Amino acid sequence: MPDFTREQQHGGRVAGVDEVGRGPLAGPVVAAAVVFGAGVPDDLAAIIDDSKKLKSAVREAIAARLPDVPGIEIGLGAASATEIDTLNIHHAAHLAMQRAVARLPRLPDHVLVDGNKLPSFGCSAEAIVGGDRLSLSIAAASIVAKVVRDRIMARLDVRWPAYGWERNAGYGTVVHREALSSVGVTPHHRKTFGTVRRQIEHLAMEGRA
């Protein structure tokens, strides 16, 4: 389970940052930055974990409670499918992280990032492999980012229901891939991703692109 050790060791305002959505075929990549300015309540710390390990209902409950934690700061950032195609997913994810930190009330003293590479934040920062399993701030950021991105995909699903985005969040499930073949590519698809790119090439060969 993650704890608050790294934040306490550094001192000051430490932001945990994580992103969600590197792998899907559609939708944005979303990042969150979380600063627990007055620490983490014990009962909340006991249930915060890597978002991938939590059921949807638990993530939603934690995300709903976080804004009421004394001293907390939350920043959100995203990079669109178009930006992903232009920059590549790695650089787009870093852009989303930078936007999340920039949307905090003020620049933190230090940033903890889940992963092994760092974008520039304008302050000291460190990358932690598996950080969402080690740091409460990063884990909380992973939960916020996951909840926000899932809501975005659910809203997009209303307009583009064939792809099953409310259930698959844009990942390449069978339903999603079948819809790509039968319905085609939407403005929200990542056109540089292999599965989508191949479908565009196929449609072009058939004169339907």
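Close amide H partners of residue 125, meaning residues 5 or more places away or on another chain with modelled amide H under 5 Å apart, are 111. Between helix 89-102 and the chain there is an angle of about 40 degrees, using the helix long axis and the longest principal axis of the Cα atoms.
Pairs of lysines in the chain whose Cα atoms sit within less than 22 Å of one another amount to 5, provided the residues are eight or more positions apart or on different chains. Restricting the range 168-209 to trypsin sites (Lys or Arg not before Pro) that sit in a DSSP loop and have at most 10 other Cβ atoms within 10 Å of their own Cβ leaves 208. From most to least packed by mean Cβ count within 10 Å, the peptides 108-117, 139-148, 48-57 give 139-148, 108-117, 48-57. Using a simple spin-label model with pseudo-atoms 7 Å out from Cα toward Cβ, residue 151 and residue 175 lie 2.2 nm apart.
If you take the alpha carbon atoms of the chain and fit the smallest convex hull around them, that volume is 111 Å³ per residue. Based on DSSP H segments of at least four residues, each scored -39500 (n - 2.57), the chain has a per-residue ellipticity at 222 nm of -12500 deg cm²/dmol. Taking every DSSP bridge with both residues inside the chain, close to 60 percent are antiparallel.
Normalised by the number of residues in the chain, the average gap of Cα pairs under 8 Å and 6 or more apart makes the relative contact order 28 percent. Surface analysis of the chain yields an accessible area of 47 Å² per residue, using protein heavy atoms and a 1.4 Å probe. The long axis of helix 56-65 is offset from the longest Cα principal axis of the chain by roughly 50 degrees.
For the range 35-156, rounded, prolate or oblate, judged on the Cα gyration tensor with a ≥ b ≥ c (square roots of eigenvalues), a/c < 1.5 rounded, else prolate if a/b > b/c? Oblate is the answer for the range 35-156, as a/c is 1.5 or above yet b/c matches or exceeds a/b.
Here the accessible area is traced with a 1.4 Å probe on the protein chains. For the chain, carbon and sulfur cover 54 percent of it.
The values are calculated or read from the model by the stated rules, or taken from the named source; none is laboratory data. Computed from a predicted structure; not experimentally measured. FYI the Cβ positions are ideal-geometry reconstructions off the backbone, even for glycines, and counts take in every protein chain you see. Heavy atoms of the whole protein, side chains included, go into the accessibility calculation; ligands, DNA and RNA do not. Shrake-Rupley method; radii C 1.70, N 1.55, O 1.52, S 1.80 Å.
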